[in-house]
Amino acid sequence: MNILVTGGAGFIGSHVVRLFVGQYPNYHIFNLDALTYAGNLENLKDIESQPNYSFIKGDITDEVFINQLFAKHTFEKVIHLAAESHVDRSITDPLAFVKTNVIGTMILLNAFKNTWKDNFSNKLFYHISTDEVYGTLGQTGLFTETTSYDPNSPYSASKASSDHFVRAYGETYGMPYVITNCSNNYGQNQFPEKLIPLFINNIINNKPLPVYGDGNYTRDWLYVKDHAVAIDLVFHQGKLGETYNIGGFNEWKNIDLVKLLCKQMDEKLGRKKGASEKLITYVKDRPGHDLRYAIDASKINRELGWKPSVTFEEGLNKTIDWYLDNEEWLRHVTSGEYQKYYQKQYD
Ligand code: NAD
Ligand code: DAU
């Protein structure tokens, strides 16, 4: 079976590709990625010569190229992760998010539909989405699969739009699909623009830790390998036309998370207790900052038996160890363009 994974050189995609390549020798995994600033083939060095794996460099917004690719490989199943994924970047350049997340998804949907419209049996378009499409919660409550969409950032609006198109193609053309909406991921290979890897990198380098607003924003954190396992389960056992929420049952206020991170980093770096906390700096808030995300992941737990396998403390420990052991990876991704982005965002 030929499976197309888009965005497989990114953070979550690289964990999904590794899991599928290792677990399913009978599948051929084609990893299509444009290698934007967020894509990195170093993430997949250990599996790049596996016989059931191929990398294709290409852009999902290039319609001619995508149609040719489907004609050549007739992908029976697609796991679509490629996206612009960082909220802060969506605030400065929203159009880039519409191009990749909406138009790019449409181009893939059309190519998939046109390839299989006469026989959709045993085919699947699996769309990876986010809990941010539901907007924000107050102090209580959880997002369920039936919570209304209410996106607040250009990023979440573009993801919501792509979700709607996937569902519309299911209703209109009978296209077989599943969608999962996941909470905040963390773990190895995450680009250091997102909270946890950015702060790990800054602590290593004794740089300020820029906490937005008062730091009382809440996110639900999930270890990336647990997300990849959930994707595997939904891919094989998810009901067509359904949505599954995936989350860590693990809510943290940003400021509490940052303090835990500082504590673990001090221990690992042999610094004096409280040394890294001194780096915490409250900075201007993110515009339209969602107060709280929290996922009710009981459906995937009940129907597919999935639950997170590691506690947050364990996952964070493994994550910090990985960044400390992979300083070369960190050095490569934080050179060049990264410095320009950092200056624009934080200075
Ligand atoms: P990422 O930014 O780390 O990776 C995105 C990948 O997509 C990169 O490899 C990039 O090169 C590629 N890409 C971007 N534009 C492309 C284009 N036009 N054509 C082809 N490839 C392109 O993102 P991530 O954090 O791994 O997220 C993956 C998916 O999961 C996204 O759809 C995101 O919305 C979703 N998601 C992420 C999280 C999270 O916490 N990171 C949580 C829930 C859902
Ligand atoms: O909820 C799922 C989403 O989680 C995914 O769909 C997105 O792709 C992913 O980027 C993530 O979005 P967030 O905006 O929640 O993640 P981020 O790491 O950017 O920020 C997490 C929280 O930390 C948020 O409340 C903003 C805050 N923050 C972030 C950065 C980068 C800071 O206080 N300072 C920072 O420098």
Positive-end residue, the stretch 272-319 charge dipole about Cα centroid, Cβ charges, pick of 304, 317, 283: 283
Nearest 20 debye, what's the magnitude of the dipole of the chain about its Cα centre given +1 on Lys and Arg Cβ and -1 on Asp and Glu Cβ? 260
How big is the dipole moment of the stretch 30-168 about its Cα centre under a simple scheme where the beta carbon of each Lys and Arg is +1, that of each Asp and Glu is -1, and everything else is neutral? Debye, nearest 20, please. 440
For the chain, what is the mean residue ellipticity at 222 nm derived from helices alone (per DSSP H run of n ≥ 4: -39500 (n - 2.57); sum divided by total residues; nearest 500 deg cm²/dmol)? -12500 deg cm²/dmol
With the convex hull built on the alpha-carbon atoms of the chain, volume per residue in Å³ sits at 128
By per-residue mean of other Cβ atoms within 10 Å, what is the highest-first order of 326-335, 163-172, 11-20, 29-38? 11-20, 29-38, 163-172, 326-335
Amide H proximity to residue 283 below 5 Å, modelled H, separation 5+ or other chain, gives 211, 212, 213
Say the dipole of the chain comes from +1 at the beta carbon of Lys and Arg and -1 at that of Asp and Glu; which of 181, 100, 332 then lies farthest toward its positive end? 332
For residue 130, what residues show an amide H to amide H distance below 5 Å, using hydrogens built from the backbone and excluding near sequence neighbours? 182
Rg ratio (alpha-carbon, reference 2.2 N^0.38 Å) - the stretch 95-168: 1.28
Can you order the peptides 225-238, 262-275 by their average number of other Cβ atoms within 10 Å per residue, highest first? 225-238, 262-275
Looking at the chain, send over the antiparallel percent of its DSSP beta bridges, to the nearest 5. 5
Strictly over 26 Å apart at the Cα level, which of 57/77; 159/194; 57/123; 45/272 would you flag in this model? 45/272
Most to least packed among 150-161, 179-190, 83-94 [average Cβ atoms within 10 Å]: 179-190, 150-161, 83-94
Dipole of the stretch 107-152, Cα-centred, from +1 at each Lys and Arg C-beta and -1 at each Asp and Glu C-beta, to the nearest 20 debye? 320
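Read-outs throughout are calculated quantities, based only on the coordinates presented, and are distinct from any laboratory measurement. Every value quoted in this text rests on a predicted model; they were computed, and no experiment measured them. Neighbour counts run over all protein chains shown; Cβ positions are idealised from the backbone, glycine included.
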